[in-house]
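The values are calculated or read from the model by the stated rules, or taken from the named source; none is laboratory data. Keep in mind that what you see is a predicted model, and the values were worked out from it rather than measured. Counting neighbours? That spans all protein chains shown, and the Cβs are built from the backbone with ideal geometry, glycine included. Please note that ligands, DNA and RNA were not included when accessible areas were found on the heavy atoms of the full protein model with its side chains. Shrake-Rupley method; radii C 1.70, N 1.55, O 1.52, S 1.80 Å.
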Amino acid sequence: MHISFLINSAFGMGGTIRTTFNLARTLAEQHEVEVVSVFRYRDRPFFDPGPRVRLRSLVDMRRHSSGFEGGDPEHALPARVFPRGDGRFPQYSPLTDRRIGEDLRTTAADVVIGTRPGLNAHIARQTRRGPARVGQEHLTLATHPARLKLMLRGTYPRLDAVTTVTEADARDYRR
């Protein structure tokens, strides 16, 4: 089975990154696993994804890199697909929307897993027919602003599954 994780940036040192890499490493013992990082800010990730996990990125933000795309005029505009209610909205643009959409429409994965609400929305709206679409929540529903909760209500039913941090939070999502 081919499993693909979509993450904001796999090159930092936060809890979502660590959790994603831990799960990816474990799944890679029996499956083909990749982590797709929307942004790449460093040459190497802070955490080791493991030897069997493929890591790739969609938009290169490394200023010293010949592939630097942070100055692309398309990246200076606000995103149209990534939801405004997600706290990472200012980082996203039509460039990221396009790259994410292209990746999701052409993925060979059997399972696509998003790691934050905005990316889960992309998965729900843009993944080609076939793969199981899973949204992971790494924060509780109560921490999301009202605007984001409204978007989730209309978007999350398009996913095949949503995982939450606690059973109590799962009940909140079900309500």
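General observations
- Residue-wise HN-Hα couplings along the range 165-171, as the Karplus relation 6.51 cos²θ - 1.76 cosθ + 1.60 with θ = phi - 60° gives them from phi, are 6, 9, 5, 4, 5, 4, 4 Hz; Gly and Pro carry x.
- Net charge contributed by nearby residues that have their C-beta within less than 13 Å of residue 107 (K/R +1, D/E -1): +2
- Taking the three principal axes of the alpha carbon atoms in the range 1-85, the coordinate ranges are 42, 30, 23 Å, sorted in descending order.
- With contacts taken as Cα pairs under 8 Å and at least 6 residues apart, the range 39-80 reaches a relative contact order of 34 percent.
- Structure-based [θ]222 nm, the chain - -39500 (n - 2.57) summed over DSSP H runs of at least 4, per residue, nearest 500: -9500 deg cm²/dmol
- Amide hydrogen neighbours beyond the local backbone of residue 107, cut-off 5 Å, H modeled: 128
- Peptide packing: for 66-79, 32-45, 146-159, the average count of neighbouring Cβ atoms within 10 Å per residue gives the ranking 32-45, 146-159, 66-79, highest mean first.
- The chain - accessible surface per residue (Å², probe 1.4 Å): 52 Å²
- Mean Cα-pair separation over length for the range 2-174, i.e. relative contact order, pairs under 8 Å, 6 or more apart, %: 19 percent
- Taken one residue at a time, the phi angles of the range 35-45 give Karplus couplings (6.51, -1.76, 1.60, θ = phi - 60°) of 10, 9, 9, 4, 10, 10, 9, 10, 6, 10, x Hz. Gly and Pro are set to x.
- Seen from every direction in turn and averaged, the convex hull around the alpha carbons of the range 2-174 projects onto 9.7 nm².
- Comparing Cα centroids, the range 121-157 and the range 54-106 end up 18 angstrom apart.
- Each Lys or Arg adds one and each Asp or Glu takes one away; over the other residues whose Cβ falls under 15 Å from the Cβ of residue 41, this sums to +4.
- Cα-projected label distance for residue 140 with residue 31, points at 7 Å along beta-carbon direction, nm: 2.9 nm
- The chain - percent of accessible surface contributed by carbon and sulfur, probe 1.4 Å: 50 percent
- Estimated from the Cβ-Cβ distance and a Förster radius of 35 angstrom, the FRET efficiency linking residue 108 and residue 44 is about 0.85.
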